[in-house]
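This is the structure I have questions about; it appears just below.
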Amino acid sequence: MKNLPQNRCKCFVPPPHYTDYQSHFIGTDDTNGRFAEVTHETCIHCGTIWLNYFVEFESFRKSGRYYRGIISAGELQTITPSNAVQYLESLDWFLYGGSYFDSWGTYGSGKLQVDR
């Protein structure tokens with residue numbers, strides 16, 4: 001992974017906590033029956049904008065997972081629920097975690113595991 005942050009606000013250290021962000025719903029990604037929630041969240045401490053992708057399959061235990069990556073205000077204008085995965089996969093790094101990974105969060109890169 002390239003370009004991992006050195007000087008970090010608490011928003012760069014998993015797990016994310018909802019009280020640290022102003023959250024805005026973008027939409028639902030129904031690709032392959034995922035019905036994933038896509039939001040963008042702005043850190044109230046440093047102003048970093050995060051694209052957040054959360055998916056969970058109700059019929060499967062421990063299937064919840066999130067992915068979040070930094071996005072600029074300009075790039076945010078091009079994001080739709082259906083292209084959020086592609087955007088996150090294009091980043092040098094992102095944060096991910098959830099019950100699916102049995103993790104509060106860690107850094108990763110590459111392909112997202114968003115389907116059953």
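Arranged from highest to lowest average of other beta-carbon atoms within 10 Å per residue, in what order do the peptides 10-21, 77-88 appear?
Most protected by this proxy first, the peptides run 77-88, 10-21.
So, for the chain, what is the accessible surface per residue at a probe of 1.4 Å, expressed in square angstrom?
On a per-residue basis, 58 Å².
Counting only protein heavy atoms and a 1.4 Å probe, tell me what percentage of the chain's accessible area is made up of carbon and sulfur.
Ligands and nucleic acids excluded, carbon and sulfur give 48 percent.
Ranked highest first by average number of other Cβ atoms within 10 Å, how do 62-68, 44-50 line up?
Top of the packing list down: 62-68, 44-50.
Amide H of Gly105 versus every other amide H placed in the peptide plane: which residues, excluding those fewer than 5 positions away on the same chain, fall under 5 Å?
Result for Gly105 returns Gly98.
Still on this structure, please answer the following. For the chain, what is the Kirkwood estimate of the hydrodynamic radius, computed as the reciprocal of the mean inverse distance between distinct Cα atoms, to one decimal in Å?
Taking every pair of different Cα atoms in the chain, averaging 1/r and inverting gives 14.3 Å.
Taking K and R as +1 and D and E as -1, what net charge do the other residues with C-beta under 12 Å from the C-beta of Pro81 add up to?
Net local charge, Pro81 excluded: -2.
Could you tally the net charge around Asn52, taking each other residue with its Cβ under 9 Å from the Cβ of Asn52, Lys/Arg +1 and Asp/Glu -1?
-1
The values are calculated or read from the model by the stated rules, or taken from the named source; none is laboratory data. None of these values were measured; they are calculated from a predicted model. FYI the Cβ positions are ideal-geometry reconstructions off the backbone, even for glycines, and counts take in every protein chain you see. Heavy atoms of the whole protein, side chains included, go into the accessibility calculation; ligands, DNA and RNA do not. Shrake-Rupley method; radii C 1.70, N 1.55, O 1.52, S 1.80 Å.
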